[in-house]
1. Okay, helix-only estimate at 222 nm for the chain: each DSSP H run of n ≥ 4 adds -39500 (n - 2.57), divide by all residues, round to 500 deg cm²/dmol; what do you get?
2. So for the pair SER146, SER127, with labels modelled 7 Å out along Cα→Cβ, what separation do we get in nm?
3. Work out, step by step, the length gained on full extension between ASP188 and GLN16: first 0.36 nm times the residue separation, then minus their alpha carbon distance; give nm to one decimal.
4. Per the Debye formula with a single identical scatterer at each Cα and no solvent contribution, what log10 I(q)/I(0) holds for the range 99-193 at q = 0.12, 0.18 Å⁻¹?
5. Using a basic spin-label model with each label point 7 Å from the Cα along Cα→Cβ, how many nm lie between HIS77 and ASP43?
6. Over the Cα atoms of the chain, what Rg and Dmax result, in angstrom?
7. Using a Förster distance of 25 angstrom, determine the FRET efficiency expected from the C-beta separation of LEU157 and ILE28, and round it to 0.05.
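Any read-out appearing in this document is the output of simple, stated calculations on the displayed coordinates, not a laboratory observation. As the structure is a prediction and not an experimental result, all values here were calculated from the model. All Cβ positions, glycine included, derive from the backbone under ideal geometry; neighbour counts span all protein chains shown.
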Amino acid sequence: ALPATPTMLAFGIKLQVQLAEWYFQRGIYARSREVATQITELDHPDLSRIQGRAWYILAENHLVQGQETDTILRYAHHAYRCFARSQDNLGNAFMLNLHATLLQRQAAIPEALSLYSQALTLFEQISYPLGMIRVLTNIGATYYRSADYEQALAYHLRALAFTTTLTAPSDMARLHSTLAADYRRLGDYAKTILHHTHALELYELMGDQR
């Protein structure tokens, strides 16, 4: 067998990162963490960008599961160092989004919105719809937390406009659930029911019995 070249190794690990992301998007968090952890344990100088993504996926896993902020920051710090070494704008955009979400959890709303805006600009510059969807959804959630439901709805509708048939069903389901909550707060019960129905259909498609 031919020895693995650095390019072959990087390609194989990149596929593993995509697998970890795929598990995360579908709510299979234990497998996502397992795959991402294996990537972070590799010792290779040319894998900074890929390992930064793996560290970020670990931080995201702990964030969505409500873990302690200190734990999330520890993973985020590793991700930041990797992205800085590789000068990765995509990674930096994800880090801004993560930092903003942590600030939002601490009710530091103006600071969170400022970082979300910076992340959105980076995602727009590199034309990365998945990142744009996540940031727009998070900005909407920030306004929702501030009881500004019209602004929340506006950002969530912007996020919906960037979705495609390739958007993960779990992301689509969460977005429709979020839109249902916006419309309920604004008293539009017909659209509340419509988006709840879309969300339930997607959850059933994924085998989620919520």
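1. Details: 10 runs with 165 residues, N = 210.
Here the helix-only value at 222 nm equals -26000 deg cm²/dmol.
2. Result for the modelled spin labels: 3.2 nm.
3. Details: separation 172, 0.36 × 172 = 61.92 nm, distance 4.31 nm.
Net length gain for the segment: 57.6 nm.
4. Taking Cα atoms of the range 99-193 as identical point scatterers yields -0.36, -0.80.
5. Taking the two extended label points, one gets 2.2 nm.
6. So, for the chain, Rg and Dmax equal 17.9, 65 Å respectively.
7. Details: r = 29 Å, r/R0 = 1.15.
Using R0 = 25 Å, I get an efficiency of 0.30.
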